[in-house]
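Everything on this sheet refers to the single structure shown next.
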There are 4 protein chains.
Amino acid sequence: MSHEKYQSLVQTLHECMEACNHCYDACLGEDDVKMMADCIRLDRECSDMCGFLEQALVRGTPFASELASVCASICEACGNECKKHDHDHCQKCADACLKCADECRKIA
Amino acid sequence: MSHEKYQSLVQTLHECMEACNHCYDACLGEDDVKMMADCIRLDRECSDMCGFLEQALVRGTPFASELASVCASICEACGNECKKHDHDHCQKCADACLKCADECRKIA
Amino acid sequence: MSHEKYQSLVQTLHECMEACNHCYDACLGEDDVKMMADCIRLDRECSDMCGFLEQALVRGTPFASELASVCASICEACGNECKKHDHDHCQKCADACLKCADECRKIA
Amino acid sequence: MSHEKYQSLVQTLHECMEACNHCYDACLGEDDVKMMADCIRLDRECSDMCGFLEQALVRGTPFASELASVCASICEACGNECKKHDHDHCQKCADACLKCADECRKIA
């Protein structure tokens, strides 16, 4: 079935969704929340988009390529914002996002 | 605030999401469900995407344009499929989808 | 159709989802973001839940009552947090959430 | 962090979400779609709820217990419907749903 060819991407999206939500949760608990505001915003954008694309791919959406293209943009933006911050959760999130952006681009 | 400029689109997306879900529900209750299979699939794709874009626009997403572009494609595909069927719920859904595709394209 | 009996609730959920996202967006732009952290968290919980329940009701979910019961809890928690803050967006959000909690409880 | 205690449940929810979407996709391709209509409906209910709860748990939602309780009901209903059908995708989905219902009940 068509969803099998996306098995690796679905796993990567799932890990990115988790990393973004962990980062979101941790950012909101930081002392300087204000400095993390863009990170919080992008974490939500990115986790929502990754979760959406996961669902779409495993149900065999005909729009895989177009959705993956937007997802790549969002992951890249989130990864680049997270990279600016030294927190461990931000660095982990940046890695997950940039990896996910690369994999999304392969089917975009 | 930025979300105000999208007020009309948010309403259109909401109406399209409703029409797609009504059509989905009704298609699954039709005698000839098999003939409606593509309609059911696209109704779900479209209602999920419209619901996603609604949320994104009202929280001030920086990805409004890219998301609206994908949404326009999905709405158009769903509208074109629905147009083929005489059921009242399909015709109403086609109208809502094609209107929504047009409005999405304006910001895409 | 079954979705017609929920027409008023769907509208209320939609308004609550919007108010929560506006509040979320505005809270992240406030000078004292740290003071708004719980508000930001609950705004996301609540907007996501309201959006989810909207979709479920209009597609004729058999789980309307159970989902509305959880939604009522989340709306109430968000409304009570927002009420503590003087910002206009928080006060508007509190009103929308508490109204929505009441309407959800009627079908719960 | 709080999300760590839900690591196993998140994995189970993810597998259930996948099984439901595979079953949904396959049901819509069966010859006798009409016989699968309830299965299709419940697959969507269940995959959407599992995806929603996954996101909520990994962002540290304060509503884990209430959401897991509804999710358990939905998983159980979907599993019981799928069990009635001999298709391999239905049997796999039934297993995934009933396992997920059990795990959700543990935190409900």
Residue match in region D:77-87 (condition: under 9 Å from the mean Cα position of the chain (by Cα) and either assigned to a helix (DSSP H, G or I) or of a type in the set (Lys, Arg) (or both)): yes
Scan of region B:4-33 for residues that are in a helix (DSSP H, G or I), of a type in the set (Asp, Glu) and farther than 17 Å from B:Asp95 by Cβ, ordered by number: B:Glu4, B:Asp25
Unmet requirement for C:His85, which otherwise passes all of (1) within 14 Å of chain B (Cβ to nearest Cβ); (2) touching a residue at least 40 places away in the same chain (Cβ under 8 Å): (1)
Options B:Leu53, B:Leu98, B:Leu42: the member that is touching a Leu at 6+ places or on another chain (Cβ under 8 Å) and at pLDDT 95 or above: B:Leu53
Within region B:36-50, considering residues that are over 12 Å from D:Arg41 (Cβ atoms) and free of Cβ contacts under 8 Å to residues at least 40 places away in the same chain, the one surrounded by the fewest Cβ atoms within 10 Å (Cβ to Cβ): B:Ala37
Test result for A:Leu57, open to solvent by less than 10 Å² (accessible area, probe 1.4 Å) and under 21 Å from B:Ala108 (Cβ atoms): no
All positions within region D:1-27 that are under 19 Å from D:Asp86 (Cβ atoms), over 9 Å from the mean Cα position of the chain (by Cα) and open to solvent by less than 10 Å² (accessible area, probe 1.4 Å): D:Cys23, D:Tyr24, D:Cys27
Residue identified as in contact (Cβ under 8 Å) with a residue 24 or more places away in the chain and away from every other protein chain (no Cβ under 11 Å) among A:Ala77, A:Ala68, A:Ala72, A:Ala101: A:Ala101
Matching option when the condition is in a helix (DSSP H, G or I), under 29 Å from D:Asp31 (Cβ atoms) and facing chain C (nearest Cβ under 9 Å), among B:Asp38, B:Asp48: B:Asp48
Checking D:Gly60 against (1) in contact (Cβ under 8 Å) with a residue 40 or more places away in the chain; (2) part of a helix (DSSP H, G or I), the condition it does not meet: (2)
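The values are calculated or read from the model by the stated rules, or taken from the named source; none is laboratory data. Keep in mind that what you see is a predicted model, and the values were worked out from it rather than measured. Cβ: placed from backbone, ideal geometry, glycine included. Neighbour counts: every protein chain shown. The accessibility values were calculated without ligands, DNA or RNA, using every heavy atom of the protein model including side chains. Shrake-Rupley method; radii C 1.70, N 1.55, O 1.52, S 1.80 Å.
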